[in-house]
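Everything on this sheet refers to the single structure shown next.
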Amino acid sequence: MQASSAIRRCFLLALVIACQRSGVAESSTDKVVGAANKFLATLSDEQRQKVVYAYDDEKQRSRWSNLPTGFVPRAGISLKDMSSPQRDAAMALLATVLSPMGLEKVNQIRLADDDFKVNGSKRGPRSGPPGGNGGPPINPNGPPPPGPGGPPPQFGGRGGPGGRPRFGGGDLFGSDLYYISFLGNPSTTVPWMLQFGGHHLALNITIAGSRGVLTPTLTGAQPATFKLNGQTIRPLGRESDKALALLQSLDEKQRQQAVLNYRVADLVLGPGQDGKKIAPEGLKVSGMNDKQRAMLLELIAEWAGIINENSASARMTELRADLNETWFAWSGPTTFEPGTNITAYYRVQGPHLVIEYAPQKDEPANHIHTIYRDPTNDYGRQFSNQ
Amino acid sequence: MKAKLAILIATLSLGVPSFAHRLDEYLQAMIVSIEQSQIHVSMRLIPGVAVSSAVIAAVDTNGDGILSYTEQQTYAQEVLRDLSLSLDGHALQPHLRTVNFPAPADMKEGTGEIHIEFDADLPTEGPQRTLVVENHHQPRMSVYLVNALAPQDRNLRVTSQNRNQNQSYYRLEYAQASPQQDSFLLRWRSRCVTALAPFTGVPSMFRLGMRHIVEGTDHLLFLIALLLPAPLLAKRSRWGAAGSIRRSLVQIVRVVSAFTIGHSATLALGASGLVSLPSRVVEVLIAFSILVSAVHALRPLFPGREPAVAAGFGLVHGLAFATTLQNLGVGTWQRVASILGFNLGIETMQLIVVAAILPSLIILSRTPAYTAFRLGGALFAGFASLGWIIERLFNVPYLVDGLVDRIAQRGVWIAISLIVISICLWLRPTLFLSDQKMIHE
């Protein structure tokens, strides 16, 4: 009698725990699905048709880029083409699916595009940052500030003879030229995807039941340092600072392994390079001490932590388990002034991870592309058999 | 220099000092995938805005603004000619597989990617391989990337990668374990199998050893007869009362161990052919050893020296074991392994038998019934041994063998009833006492 009642008690306890766990997981996905449906409900039938693709639409799945939307048109609907309630619903959806840190990063990348629209490259004819508070106030949820008469001068030539008309006007840059699209319909059980991206941004988020997968995701910025209302903003500043700190924590022998003797001109596994696992190089994490490992995880979290906490913590657990098989490689200068962006390339690579940070040649400290991948699980294929 | 100047002029004339995308470089990114007998390379060529006209001009040789199929193929072949591929110093011949061109307009914007895929066959031999890939296509305006995919084939393992500063030179070293040559693990497995091959017969030899004891009742009878007086203390020329349990146990262990040492020695010597006696002599000697221990169980012949006697007769018994083992095994290791397995089987069975009768001996030796038991056992062993001696000496069929065998076949039941009887006898005084008590009350 006693034994059977004990077994019964254990069973009940397990049941309660299982319910609680699934409750936590469901609540996160529930919220995302709820926010997604709320957004979709604000759209007209015509808009909805433009926004929702079939879940197995491979073409749409890989339609993302670091380039401005004028060069590589994104599908879906841009914030610019939304009404104010639609934009609010879209931003509310992002706030649910992303962590506060992730949302801030996304918004800062968009703000950088606003700055670029106004000021262009710092080396351009109208070089130099906008004087003091000269930058107009930008509300990430609101429409962009009016540019001073169309595109920055360095893009003026684009509309000239021989150029293509689609680059005319002010439609190349700005925080409102970010597009949202769906693959499949939001569901708590059946896998579906949310895409949000534009210039220097491509979020590809797969929601499969309680799991959320952020790979592949591209972040980038130009300018990578700018002033807004007197505040210095570096959308990818921590990616630079944390990597530099990690590099500087290495001893001489570790550094010799980590620092590659050749230049890496760009992302190796950028857009279009899905599912590729390259032979790793650099310093293997098994040769790092506990402090350095912790620093590396902190660095990885700058990408893995863009998605909401529920999904990010599962991902970090996976990456922590891979740590001994993870590599850190660096190419370029190794000393920088604190608070400035590095001009070196680096890569973090593990069995389920590729992170690349690639300064671009035109303005290495101020123009950055990064990629975040799981070559075994791009677009959450593991969970969806797609 | 000319190209650089052209780029500079183009840049200035366009008034484009900076762009959101590639400007004055021709990015050539290669991803090499290695297999056992071939490499597959995919190339992406992305001309920046400022160099795109130069690239387009190189493709569009007739200048009609259209990149025809022939022009595309010709350009791709040109790219392959500018590559240099070698494996272990031998030049490799690339075979163009696919070519894909973007619209010239996209190239002008710096967003178009030319895709070229090609294969090269590799010579198959060689466990350590060095692949060198050099890219000399448009060196003045180009930046290069080259990487290898982590090999899918588990027999291939990248051991090192080296590049020059701009990645136009790439050296990939990798280890190739061909399936025929076995991987590291397989090699070790086969080594272990070879090393353990002589021991594959050990389990069967072990079983043979055990069976030999069960069926070889003469060995058992010798041992049991020798153990019969073991718990007792010799008092002048008679067996007296039982010694302490500790002493009894020690005595039994010493006798059994001595017997083991003795027969193991001659088993090894006999099985390796170093010592041999005619089997009939051995058989008679064994029967004689039983007679000796039977007499000793009646009257102490060599009190305190049982272990020595056990070891001495053990030598004889070992020779008998060895005859079973002759003609077994070919290699030395195989013989050693066989002897080891056989002997382990003997010891195991012997220990089982001793463990089965030991409690009975110790318990019974503390009851008055033990004298009768000892005498009975000794007489049985004595007559059996006499029978065996006659049987073996004169080679005449006799009853003893069959009789003893039939008893031995019921060994388990005998051992169990022995324990039950000894416990009952041991408890009898207590039972008797309590009966009396009950009557009194």
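The values are calculated or read from the model by the stated rules, or taken from the named source; none is laboratory data. Just so it is clear, the structure is predicted and the values come from calculations on it, not from any experiment. With ideal geometry, Cβ positions are generated from the backbone for all residues, glycine too; neighbour counts draw on all protein chains shown.
Structure values in brief
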read-out: Any hit, region B:62-78, residues being under 19 Å from B:Ala148 (Cβ atoms) and either among the aromatic types (Phe, Trp, Tyr) or at pLDDT 90 or above (or both); value: no
read-out: Single condition B:Val41 does not satisfy, out of (1) in contact with a strand residue (DSSP E or B) (Cβ under 6 Å, 6 or more places away or on another chain); (2) assigned to a helix (DSSP H, G or I); (3) among the β-branched types (Val, Ile, Thr); value: (2)
read-out: A:Ile233 vs. criteria more than 23 Å from A:Glu337 (Cα to Cα) and among the aliphatic types (A, V, I, L, M); value: no
read-out: Top-ranked residue of region A:51-76 - restricted to ones that are among the charged types (D, E, K, R) and more than 14 Å from chain B (Cβ to nearest Cβ), ranked as nearest to A:Ala221 (Cα to Cα); value: A:Arg61
read-out: Failed condition for B:Ala148, given (1) at pLDDT 90 or above; (2) under 30 Å from B:Phe184 (Cα atoms); (3) part of a loop (DSSP other than H, G, I, E, B); value: (3)
read-out: Unique match (being within 14 Å of chain A (Cβ to nearest Cβ) and buried (at least 19 other Cβ atoms within 10 Å of the Cβ)) among B:Tyr75, B:Tyr169, B:Tyr144; value: B:Tyr144
read-out: Hits in region A:174-211 - residues which are within 23 Å of A:Arg315 (Cα to Cα), in contact with a helix residue (DSSP H, G or I) (Cβ under 7 Å, 6 or more places away or on another chain) and outside any strand (DSSP E or B); value: A:Pro186, A:Ser187, A:Thr188, A:Pro191, A:Gly209, A:Ser210
read-out: Every pair of residues 6+ apart whose Cβ atoms lie under 6 Å, when the first sits in region B:100-123 and is within 11 Å of chain A (Cβ to nearest Cβ) while the second is in a strand (DSSP E or B) and surrounded by 21 or more Cβ atoms within 10 Å (Cβ to Cβ); value: B:Glu113/B:Ile46
read-out: Test for A:Gln257: is it in contact with a strand residue (DSSP E or B) (Cβ under 8 Å, 6 or more places away or on another chain) and free of Cβ contacts under 8 Å to residues at least 40 places away in the same chain; value: yes
read-out: Which listed residue, of A:Arg263, A:Arg238, is within 14 Å of chain B (Cβ to nearest Cβ), surrounded by fewer than 22 Cβ atoms within 10 Å (Cβ to Cβ) and either part of a loop (DSSP other than H, G, I, E, B) or at negative phi (or both); value: A:Arg263
read-out: Single residue of B:Gln72, B:Gln77 found to be closer than 24 Å to A:Ser65 by Cβ, part of a helix (DSSP H, G or I) and not β-branched (Val, Ile, Thr); value: B:Gln72
read-out: Residue check, B:Val354 out of contact with any Ser or Thr (no Cβ under 9 Å at 6 or more places or on another chain), under 25 Å from B:Phe380 (Cβ atoms) and surrounded by 20 or more Cβ atoms within 10 Å (Cβ to Cβ); value: no
read-out: Flag if A:Thr340 is part of a strand (DSSP E or B) and polar (S, T, N, Q); value: no
read-out: Criterion: of a type in the set (D, E, K, R), in a helix (DSSP H, G or I) and either within 26 Å of B:Gly65 (Cβ to Cβ) or in the same structural domain as B:Tyr170 (by TED's automatic domain parsing) (or both) - qualifying residue of B:Asp119, B:Asp106; value: B:Asp106
read-out: Residue within region A:285-299 that is surrounded by fewer than 22 Cβ atoms within 10 Å (Cβ to Cβ), within 14 Å of chain B (Cβ to nearest Cβ) and more than 28 Å from A:Ile205 (Cβ to Cβ) present; value: no
